[in-house]
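Enquirer: Structure below; questions to follow.
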Amino acid sequence: MITEIHPGLSIADDTECLPGLQLAGTKAVIHAAKYPCHARFVGTGKLPKEHPDYLAFIRPFDLVLNMIDPAVSLFRSETFAMTRAFARRHMSRGIPLVIHCNQGNSRAPSLALLIMAKDMHKISDESYDAARKEFESYYPQYKPGRGIEQYMRENWERL
């Protein structure tokens, strides 16, 4: 199910794991799920860390992140930088963006929150907690995992 939280920005669960190229450029998709998406796109769930597609597999309308939702903060800043750059590139051209994860509750909305605060300037970017409070009026079902919430809170200024 897709939920548009702001014009041109939607959050979904993994039922929306469609390659953006199949959408003929009408939407860009950020797949924030190692399984099934990243593993499907790269052909395995076990790439070596030095592989160029380890963190993300990139196609013109797809950013497929090797991203899980751990209870501890195991994220890398490059993942968030790639996400923001991909979002800016497509949204600046008027191409709607769909961000999905497995359940649509943690990773995808966390990335949408980041984009709305830091790139779209639709919610506060003063702190993660201020942004979260405003974001929840757009997406009340936001339930970040402990790891991503910890990472975003501790690294908000650098994101």
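The values are calculated or read from the model by the stated rules, or taken from the named source; none is laboratory data. Here the structure is a predicted model, which means the values were calculated and not measured. Note that we place each Cβ from the backbone using ideal geometry, even for glycine, and neighbour counts take in every protein chain shown.
Enquirer: Out of the residues in region 120-145 that are of a type in the set (Asp, Glu) and over 19 Å from ALA81 (Cα atoms), state the one that is nearest to the chain's Cα centre (by Cα).
Expert: Selected residue: GLU136.
Enquirer: Would you tally the residues in region 86-109 being assigned to a helix (DSSP H, G or I) and closer than 19 Å to ARG40 by Cα?
Expert: 2
Enquirer: Is it fair to say ALA56 is surrounded by 16 or more Cβ atoms within 10 Å (Cβ to Cβ), of a type in the set (Gly, Ala, Ser) and touching a strand residue (DSSP E or B) at 6+ places or on another chain (Cβ under 8 Å)?
Expert: Here the answer is yes, as ALA56 does meet what is asked.
Enquirer: So, GLU50, is that one of a type in the set (D, E, K, R), surrounded by fewer than 17 Cβ atoms within 10 Å (Cβ to Cβ), more than 12 Å from ILE30 (Cβ to Cβ) and without any contact (Cβ under 8 Å) to a residue 60 or more places away in the chain or not?
Expert: For GLU50, the condition - of a type in the set (D, E, K, R), surrounded by fewer than 17 Cβ atoms within 10 Å (Cβ to Cβ), more than 12 Å from ILE30 (Cβ to Cβ) and without any contact (Cβ under 8 Å) to a residue 60 or more places away in the chain - is met.
Enquirer: Here are SER92, SER124: which of them is crowded, with 16+ Cβ neighbours inside 10 Å, hydroxyl-bearing (Ser, Thr, Tyr) and without any contact (Cβ under 8 Å) to a residue 60 or more places away in the chain?
Expert: That would be SER124, the only listed residue that is crowded, with 16+ Cβ neighbours inside 10 Å, hydroxyl-bearing (Ser, Thr, Tyr) and without any contact (Cβ under 8 Å) to a residue 60 or more places away in the chain.
Enquirer: Quick one: which of GLU149, GLU126 is part of a helix (DSSP H, G or I) and either at pLDDT 95 or above or of a type in the set (Asp, Glu) (or both)?
Expert: On inspection, the qualifying residue turns out to be GLU149.
Enquirer: Separate question: Quickly run through region 67-82 and pick out the residues that are farther than 16 Å from PRO109 by Cα and buried (at least 22 other Cβ atoms within 10 Å of the Cβ).
Expert: Answer for region 67-82, where residues must be farther than 16 Å from PRO109 by Cα and buried (at least 22 other Cβ atoms within 10 Å of the Cβ): there is none.
Enquirer: Additional query: Among the residues of region 65-85, write down those that are in a helix (DSSP H, G or I) and in contact (Cβ under 8 Å) with a residue 24 or more places away in the chain.
Expert: Those that are in a helix (DSSP H, G or I) and in contact (Cβ under 8 Å) with a residue 24 or more places away in the chain: SER77, THR79, PHE80, MET82, THR83, ARG84.
Enquirer: Within the group ALA85, ALA117, which residue is of a type in the set (A, V, I, L, M), buried (at least 16 other Cβ atoms within 10 Å of the Cβ) and over 11 Å from the mean Cα position of the chain (by Cα)?
Expert: Selected residue: ALA117, the only one of ALA85, ALA117 that is of a type in the set (A, V, I, L, M), buried (at least 16 other Cβ atoms within 10 Å of the Cβ) and over 11 Å from the mean Cα position of the chain (by Cα).
Enquirer: Looking at LEU21, LEU65, LEU47, LEU55, which is the one that is in contact with an Asp or Glu (Cβ under 9 Å, 6 or more places away or on another chain) and at pLDDT 95 or above?
Expert: The conditions single out LEU55.
Enquirer: Would you confirm, using the coordinates I've provided, whether ARG132 is assigned to a helix (DSSP H, G or I), of a type outside the set (Ser, Thr, Tyr), in contact (Cβ under 8 Å) with a residue 12 or more places away in the chain and touching a helix residue (DSSP H, G or I) at 6+ places or on another chain (Cβ under 9 Å)?
Expert: When the stated conditions are applied, ARG132 passes them.
Enquirer: Do we find that PHE75 is under 20 Å from ALA12 (Cα atoms) and aromatic (Phe, Trp, Tyr) in this structure?
Expert: When the stated conditions are applied, PHE75 does not pass them.
Enquirer: If LYS143 satisfies all but one of (1) assigned to a helix (DSSP H, G or I); (2) within 22 Å of SER10 (Cβ to Cβ); (3) touching a helix residue (DSSP H, G or I) at 6+ places or on another chain (Cβ under 9 Å); (4) without any contact (Cβ under 8 Å) to a residue 60 or more places away in the chain, what's the number of the condition it fails?
Expert: (1)
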